[in-house]
Every structure is written in structure tokens, then in C-alpha cells.
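S.K.: Let me begin by handing over the structure; questions about it come next.
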2 protein chains.
Amino acid sequence: MPAGKKRTDWRRSPCPIACSLDIFGDRWTLLIVRDLMLGRTRFRDFSASPEGIPTNILADRLERLLQHNVVEQIPAADGTKRLAYRLTEKGNALRPVLKAMRDWGLAWDKSTRVMLSPKSV
Amino acid sequence: MPAGKKRTDWRRSPCPIACSLDIFGDRWTLLIVRDLMLGRTRFRDFSASPEGIPTNILADRLERLLQHNVVEQIPAADGTKRLAYRLTEKGNALRPVLKAMRDWGLAWDKSTRVMLSPKSV
DNA sequence: ATTATTACTTGTTAATTGCAAGTAAATTAG
DNA sequence: CTAATTTACTTGCAATTAACAAGTAATAAT
């Protein structure tokens with residue numbers, strides 16, 4: 001199977017948690033969503049995040065998020081012909097998930113800290 | 001590196017979300033946590049869940065959850081010498097994360113449905 | 001026109017996953 | 001008590017996925 005073309009037409013169970021995990025159950029996807037919530041919009045922005053996501057994984061995850069209508073492409077804000085990404089309504093609805101995870105991390109891992117900008121996750 | 005002994009002494013960033021994902025950022029771990037929240041306590045219970053987690057993955061994830069103090073072992077309730085698992089306070093604190101994920105799944109994937117028991121996630 | 005940046009893709013190696021089978025200890029059946 | 005069964009894993013292995021490095025085509029800047 002070609003890279004980034006993982007099948008999404010099959011589910012392990014009707015459980016909403018299991019189905020959610022089939023979309024973003026990995027170590028990278030929600031970091032991209034986090035970045036989008038922080039106002040980052042472009043490939044290079046996600047690539048520049050401190051966790052250092054490999055570019056092939058980033059491309060793969062963006063494709064998956066597009067296919068699941070969690071993100072969409074828009075013209076870049078700088079007037080160039082390049083594209084940017086933004087969260088759809090479905091993607092924005094992940095905010096409580098990210099918030100709960102952030103709260104849990106902050107509460108139970110004292111070495112973590114928020115390093116967040118305006119739109120606060 | 002031996003199975004189940006993934007290094008946990010290093011973090012990608014101080015972000016609480018990234019650190020949370022280093023613990024449960026995969027397709028299976030939160031399903032075990034879900035099962036624990038539903039009152040399931042033993043290896044065979046997790047193994048019997050509809051998603052069908054492979055036993056080697058299950059053993060690996062339980063070990064990881066133990067090391068991160070998300071779950072702990074207790075004597076089995078049936079009086080035998082076998083062990084069971086239960087969530088620690090830290091593990092129980094994941095309830096809002098699971099709830100947010102369940103709500104999101106239910107809201108945006110119409111083919112999902114809750115199939116939950118008493119303690120409702 | 002030349003150089004640099006962007007947004008990826010490709011190749012290669014390392015690690016992880018999933019399936020099947022195996023195992024040792026504990027429990028149950030006879 | 002002995003034998004069969006169940007439990008809670010472990011092991012082997014093929015297949016998938018991840019990580020790192022390098023490459024590339026299309027803009028964009030100088």
C-alpha cells in the first residue's frame with residue numbers, strides 16, 4: 001500500500017473512542033492539531049515545532065486529516081500562491097480533547113509547562 | 001531494546017500534550033484505560049474487548065501504564081492468587097480526556113455509539 | 001538569471017505491529 | 001491426586017510503520 005494511503009474504510013468497533021483513535025491515535029497527529037489551534041498554518045510551521053516531526057510523517061498526517069475533514073486547505077495569508085491549512089469545524093471541535101490532555105499533563109507531569117500563544121489551546 | 005522497555009526518560013518537548021502522547025499516543029492504550037473505566041480489571045477482559053488487541057501489545061501497554069503509574073496491580077477480586085489491574089488516581093484523572101474523545105466521536109462519526117456499562121466513561 | 005525557500009517525495013534502515021504459537025503457573029474437573 | 005483447562009503472558013516472524021537523510025519541482029527572493 002502506498003505511503004499515506006492507509007485504509008480508513010474499516011473500523012475496529014463502533015466505539016467512538018476507538019474510531020477517534022483510528023484518526024489521531026499516534027504520537028504526532030494531535031501535535032499538528034495543537035499547532036493549528038495555536039495559529040500555525042503552514043507546513044514549515046508544523047515542521048519547525050520543537051518535537052521535530054519528520055517531513056514524511058507530517059505529509060502523511062496532513063493527508064489523513066484532510067481525508068477525515070479535520071483540516072482543510074486555504075490560500076496562504078501572505079498573498080503568495082502557496083497553500084495553508086486550517087481546522088474545519090470538526091477539527092475545532094477537538095479543542096476539549098486537547099484541553100483535557102493539556103490539563104492532565106500539567107497536573108501529573110511537573111516537568112511540563114504550557115508554552116502557548118494567543119489562541120490558547 | 002527488549003519488548004515493552006521503550007525508553008521513557010527522554011521527552012520530545014516540555015509540552016504537556018506531547019508528554020501525554022508519549023504515554024498514551026497510540027491506537028491501543030486508551031482503549032485499555034477505557035476498559036478499566038468500564039470496570040474491567042483483568043488481562044483476559046482487555047483481551048476480550050471487541051477491538052481485539054493482540055496479547056503482546058496488551059502486555060506491552062500494561063507494562064508502560066504501570067511504569068507511568070497510570071495503573072496499578074491488585075489481587076484479583078475472585079479470591080484466587082491472580083492479579084488484576086486498576087486505575088491509579090493519575091489514571092482516573094484521564095476521565096475527562098476519554099469523555100472528550102467519546103463526545104467528539106459521537107458528534108462527528110454518526111456510525112459510532114456508546115456501548116457502555118455502569119461507571120460510564 | 002541565479003540562489004534560496006517551500007512543500008513535499010523517495011530511499012533506506014530501524015523499530016514496531018499483528019498474528020500465530022508456545023509456555024509456565026494456577027485453577028478446575030474427574 | 002492426576003489430568004485437563006484456563007490464565008497471563010512470551011516468543012518468533014512477516015509485514016507495516018517510523019525515522020533519518022537526501023532529492024526534487026515549483027515558487028519566490030535577490
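S.K.: Can you tell me how much longer the chain between B:Ile74 and B:Thr55 gets when fully stretched, taken as 0.36 nm per residue apart minus their C-alpha distance, in nm with one decimal? Intermediate values should be presented prior to the final figure.
M.R.: Working: separation 19, 0.36 × 19 = 6.84 nm, distance 2.00 nm.
Net length gain for the segment: 4.8 nm.
S.K.: If we hang a label 7 Å off Cα along the beta carbon direction at A:Arg86, how far is it from the matching labels on the other copies, in nm, shortest first?
M.R.: Once sorted, the set of distances for A:Arg86 reads 4.9 nm.
S.K.: Quickly work out the B:Arg11-to-B:Leu66 label distance, labels modelled 7 Å from Cα along the C-beta direction, and quote it in nm with one decimal.
M.R.: Between B:Leu66 and B:Arg11, the label points sit 2.5 nm apart.
S.K.: If you don't mind, another one. Taking the Cα of B:Arg82, stepping 7 Å toward and past its beta carbon, and measuring to each backbone N in segment B:40-55: which are under 15 Å?
M.R.: Hits in segment B:40-55 for B:Arg82 at 15 Å: B:40-49.
S.K.: Across segment A:50-65, in residue order, what do the Karplus-derived ³J(HN,Hα) couplings come to in whole Hz, using 6.51 cos²θ - 1.76 cosθ + 1.60 with θ = phi - 60° and x for Gly and Pro?
M.R.: Couplings: x, 6, x, 5, x, 5, 6, 5, 4, 4, 4, 5, 4, 4, 5, 5 Hz.
S.K.: For the rotation that brings chain B onto chain A, whose beta-carbon in chain B is nearest the axis, and what is that distance in whole angstrom?
M.R.: Nearest residue, distance rounded to whole Å: B:Ala100, 2.
S.K.: Hey, another quick one. Along Cα-to-Cβ, 7 Å out, sits the label point; list in nm, shortest first, how far the one on A:Asp45 is from those in the other copies.
M.R.: In ascending order, 4.4 nm.
S.K.: With N denoting the number of residues in chain A, provide Rg(C-alpha) divided by 2.2 N^0.38 Å, to two decimal places.
M.R.: Against the empirical 2.2 N^0.38 Å value, I get 1.10 for chain A.
S.K.: How long, wide and thick is the protein assembly as shown, going by the Cα atoms along their three principal axes, in whole angstroms, largest first?
M.R.: Principal extents (Cα only, largest first): 70, 39, 33 Å.
S.K.: List nothing, just return the count: lysine pairs in the protein assembly as shown, 8 or more apart or interchain, with Cα separation under 16 Å. Write down the numbers at each step before the final one.
M.R.: Working: A:Lys90/A:Lys99; A:Lys90/B:Lys110; A:Lys99/A:Lys119; A:Lys99/B:Lys99; A:Lys110/B:Lys90; B:Lys90/B:Lys99; B:Lys99/B:Lys119.
Count of close lysine pairs: 7.
S.K.: Sorted from shortest, what are the nm distances separating the label point of A:Leu66 from equivalent points in the other copies, each placed 7 Å from Cα along Cα to C-beta?
M.R.: The projected label point of A:Leu66 is separated from its counterparts by 4.4 nm.
Read-outs throughout are calculated quantities, based only on the coordinates presented, and are distinct from any laboratory measurement. Note that the coordinates shown come from a computational prediction; the quantities given were computed from them, not determined experimentally. Cβ: placed from backbone, ideal geometry, glycine included. Neighbour counts: every protein chain shown.
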